[in-house]
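Chemist: Before anything else, here's the structure in question.
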Amino acid sequence: MLDLNEEEILPLSLQHTFWTWSAQGSVSPIPVKRAKGVYFWDIHGKRYLDFNSMTMCVNIGHGEQRVIDAIIQQAQELPYVAPAMASKPRALLGKLLAEVTPGDLNRFLFTLGGADANENAIKLARAFSGKHKILARYRSYHGATAGAMAATGDPRRLAWEPNLMGGVVHFLDPYRYRSTFHRTNPDISEEDFCLDYLNHLEEIIQYEGPQTIAAILIETVTGTNGILIPPPGYLQGVRDLCDRYGILLIADEVMSGFGRTGEWFAVQHWGVVPDLMTMAKGLTSAYAPLGAVAMREEIAEFFRERVFQSGLTYTAHPISLAAAIATIQVMQEDHLVEHAAEMGKVLHRLLNDLGEKHPSVGETRSIGLFGAIELVRNRRTRQPLAPFNGTSPEMIAIRQFLLDHGLFLYTHWNILLIIPPLIITEEQLAEGFAILDQALTIADEAVEHSL
């Protein structure tokens, strides 16, 4: 391997890399040297507590030797095999996944990540149903490839229109804190709130014509756009609408899957089995790139005599599959799903305590180790601390404070995302929240100035 002075990592990376989601002139990456458990270190030895699992994906934590060893062993034995061939890791991973996925989701199409998993789920739904429209929500994010970006509802889609996949219709999310339908009656019951949004979806289905709609694609729990947890009865209601109108249900579990919410998959909280379910991120805990589409047997059987006209050179890559097998085994051996559920209670309490203390906290939301803090300038008006699809000096200052004090997390508009590795302890959560507590004084000052 070529040798490189650590001090050269940042300048060479800036010189030769074209960075995603960034204006190239304003990129300022952390030069990372190593990572272990829930921490990572930069080249200067500074330690960061990883409250975002890097990119919401390192569920089992950093530097897990059991997964590293599995990758090494697979690389020595069979580093690559053509997509049309069978292999030991392909056989084993299919068996393991069938044991942890809900209901009768027992056939798997392997991809490289979440975006192409969603693209292939859409292809499968369109081919199986013979229909073309896809319904998705406005606060969803499904990936950056052309089809997945078309399904994405948030403003990341806008820069690439109209050169995206056609046939997508968006509808509103059941986002109680900022409900479009309930600005004048915020005290509406959970049951009526849920029913209003199901009625809204049914109205869209009727307007678009159920005979044209192949599938409804939703993030089970909306991720980067705010950890929006569906109200009781909502997912069951969406499932019922799909059954009533002959529409497939695709659950995007790329971010919410593999223990993140305290269940293997978030749909299991509500006892719902989708027709197709996408996964990535936690599938390998990002030790290697891999995504998958889980499908019901009847969808796979549809292609018994029909050719599925799609594929990827790296489909079912043995090294990635080996990483996934080892990741699932680590989760099972260490009871990480159960641990995430227990630590979820701690996270919920810490979020509530922070909300009670800081007037800048409009709302906190969490399910398992999937949490968000929504910051506002005024609790009464709910004016966000940063505008929709924008930022503010306060949000920039908060993020910089957190980094300066060794806490790494993502900010999205006026929201702080709390998505740590599932191995995190109560003490480590408290460590991060002590830094958050200090940082929120910046937001509180903005509240004082707005009064």
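Chemist: With +1 on each Lys and Arg Cβ and -1 on each Asp and Glu Cβ, and nothing else charged, work out how big the dipole of the chain is about its Cα centre, in Debye to the nearest 20.
Modeler: That gives a dipole near 840 debye.
Chemist: Could you list ASP334, ASP3, ASP192 in order of exposure, starting from the residue whose Cβ has the fewest other Cβ atoms within 10 Å?
Modeler: ASP3, ASP192, ASP334
Chemist: If you don't mind, there's one more thing I want to ask. In nm, to one decimal, how far is the ILE68 label point from the GLU431 one, both placed 7 Å along Cα→Cβ?
Modeler: Between ILE68 and GLU431, the label points sit 1.9 nm apart.
Chemist: So in the chain, what percent of DSSP beta bridges are antiparallel if you round to the nearest 5?
Modeler: 65 percent
Chemist: Any of LYS131/LYS281; LYS88/LYS123; LYS46/LYS95; LYS33/LYS95; LYS46/LYS345 with alpha carbons more than 32 Å apart? Name them for me.
Modeler: Values: LYS131/LYS281 29 Å; LYS88/LYS123 27 Å; LYS46/LYS95 42 Å; LYS33/LYS95 36 Å; LYS46/LYS345 30 Å.
LYS46/LYS95; LYS33/LYS95, as the Cα separations exceed 32 Å there.
Chemist: At a Förster radius of 25 Å, what calculated FRET efficiency corresponds to the Cβ-Cβ distance of GLN211 and GLU161, to the nearest 0.05?
Modeler: Step by step, r from the Cβ atoms, then E = 0.45.
Chemist: Between LEU403 and GLU333, how high is the FRET efficiency from 1/(1 + (r/R0)^6) when r is the Cβ-Cβ distance and R₀ = 25 Å? Nearest 0.05.
Modeler: My answer for the efficiency is 0.15.
Chemist: Same structure again: Can you give the FRET efficiency for ASN389 and GLU445, using 1/(1 + (r/R0)^6), R0 = 25 Å, r = Cβ-Cβ distance, to the nearest 0.05?
Modeler: 0.55
Chemist: Relative to the present Cα-Cα distance, how much length would full extension add between GLU342 and GLU7 at 0.36 nm per residue of separation?
Modeler: Working it through step by step, the gained length comes to 116.5 nm.
Chemist: So what's the Cα pair-distance distribution over the chain, bin width 10 Å, in %?
Modeler: All Cα pairs considered, the percentages come to 4, 20, 30, 28, 14, 3, 0.
Chemist: Next up: Tell me the label-point distance for the pair GLU301, VAL27, using the 7 Å Cα-to-Cβ offset, in nm and rounded to one decimal.
Modeler: 5.0 nm
Chemist: Longest exposed-loop-site-free stretch of the chain, with chymotrypsin sites (Phe, Trp or Tyr not before Pro), DSSP loop and at most 10 other Cβ within 10 Å?
Modeler: Here the longest segment lacking exposed loop sites spans 22-387.
Chemist: State which helices in the chain qualify, where a helix is a whole DSSP H run, it must extend 20 Å or more along its own axis by its Cα atoms, and its mean Kyte-Doolittle hydropathy must be at least 1.0.
Modeler: 318-333
Chemist: Over the chain, what is the relative contact order in percent, taking alpha-carbon pairs closer than 8 angstrom and at least six residues apart? Could the numbers behind the result be given before it?
Modeler: Values: 841 pairs, mean separation 91.7, N = 451.
For the chain, the relative contact order is 20 percent.
None of the figures in this text is laboratory data; all of them are computed from the coordinates on show. Keep in mind that what you see is a predicted model, and the values were worked out from it rather than measured. So basically every Cβ, Gly included, is an ideal-geometry build from the backbone, and we count neighbours across all protein chains shown.
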